[in-house]
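Notes follow once the structure below has been shown.
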Amino acid sequence: MHLLLEQRCWLSARPETLHFAPERCLSLPLRRALGDRYTTIDLERDDVDLRANIAALPFDAGNFELIICNHVLEHVLDEAGALAELRRTISPAGRAVIMVPQEPWRRVTHEDPAIMGTADRERQFGQHDHVRAYGDDIAERLEAAGFAVEVVQVEQIADRRTVERLGLLPAERIYICRSAN
């Protein structure tokens, strides 16, 4: 994620940024680079700027130029509501940068709201707190929510040595979303 943000020179413009479930390794350099233009948010954590539900955000429409949503959507029951809120709160020229764990062999996302037990979720979705296992249709799901989507693979932004040094997955995908209209 940080490699992409640097390569696209997004941080140098100091965009008004919203970061969901901020990872310490990313939030510290972003806080230094963006200062008061950087807002962290999570539903449950206390070490963020704001506690709120991704499907009911307390921000005006078009408030953010950059939204970072890294490995969050697989935890959210109301995916449609979350995507609608991301689209609502991003500025007309802004970007939402989204990553989710994907099962490369899966064509269609697997989800079933009836699966509630932690052992069942771990078996079905790969982790006890996941509510879906994403397949190759994630870009289609983002487009259906009103985004124009650019797909970038890690191997497109990092050479082999960097991928190995950082322990990245070369085929992992990053979805750069803009409002489609």
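Laboratory data are not the source of any read-out in this text; all were calculated from the coordinates shown. Please read all numbers here as calculations on a predicted model, not as lab measurements. Positions of Cβ are generated from backbone atoms using ideal geometry, with glycine treated the same way; all protein chains shown enter the neighbour counts.
Residue-wise HN-Hα couplings along segment 54-60, as the Karplus relation 6.51 cos²θ - 1.76 cosθ + 1.60 with θ = phi - 60° gives them from phi, are 4, 8, 8, 7, x, 10, 5 Hz; Gly and Pro carry x.
Reported to the nearest whole Å, the Cα centre-to-centre distance from segment 1-62 to segment 120-181 is 18. Diagonalising the gyration tensor over the Cα atoms of segment 1-93 and scaling each eigenvalue by 5 before taking the square root yields semi-axes of 20, 15, 12 Å, largest first.
Label-to-label distance for residue 36 and residue 8 is 2.6 nm, based on points extended 7 Å past Cα in the beta-carbon direction. Shape of the chain from the C-alpha gyration tensor: rounded (a/c under 1.5, with a ≥ b ≥ c the square roots of its eigenvalues).
Can you pull out the GluC sites (Glu not before Pro) in segment 1-110 that DSSP calls coil and that have at most 11 other Cβ atoms within 10 Å?
Working: sites: 6, 16, 23, 44, 65, 74, 79, 85; in loops: 16, 23, 44.
When the GluC sites (Glu not before Pro) of segment 1-110 are filtered for loop state and at most 11 Cβ neighbours within 10 Å, 44 remain.
Residue-wise HN-Hα couplings along segment 38-52, as the Karplus relation 6.51 cos²θ - 1.76 cosθ + 1.60 with θ = phi - 60° gives them from phi, are 10, 10, 9, 8, 7, 6, 10, 6, 9, 8, 10, 5, 8, 9, 7 Hz; Gly and Pro carry x. Taking amide H as placed 1.01 Å from N in the peptide plane, residue 126 has no amide H partner under 5 Å among residues 5 or more places away or on another chain.
Taking the Cβ of residue 153 as the centre, find all other residues whose Cβ is under 15 Å away and add up their charges (Lys, Arg: +1; Asp, Glu: -1). Intermediate values should be presented prior to the final figure.
Details: positive: 8, 160, 173; negative: 136, 150, 155, 159, 172.
Taking every Cβ under 15 Å from that of residue 153, the sum is -2.
Here the contact order of the chain, divided by its residue count and restricted to Cα pairs under 8 Å and six or more residues apart, works out to 18 percent.
When Rg and the Kirkwood radius Rh are both evaluated on Cα atoms of segment 99-138, their ratio Rg/Rh stands at 0.96. The simple spin-label model puts a point 7 Å past each Cα toward its Cβ; for residue 25 and residue 181 those points are separated by 4.1 nm. Paramagnetic label reach from residue 159 (point 7 Å along Cα→Cβ; backbone nitrogen cut-off under 18 Å): within segment 1-31, residues 3-4, 6-8. Within the shell of other residues whose beta carbon sits under 9 angstrom from the beta carbon of residue 93, the net charge comes to +1, with Lys and Arg scored +1 and Asp and Glu -1.
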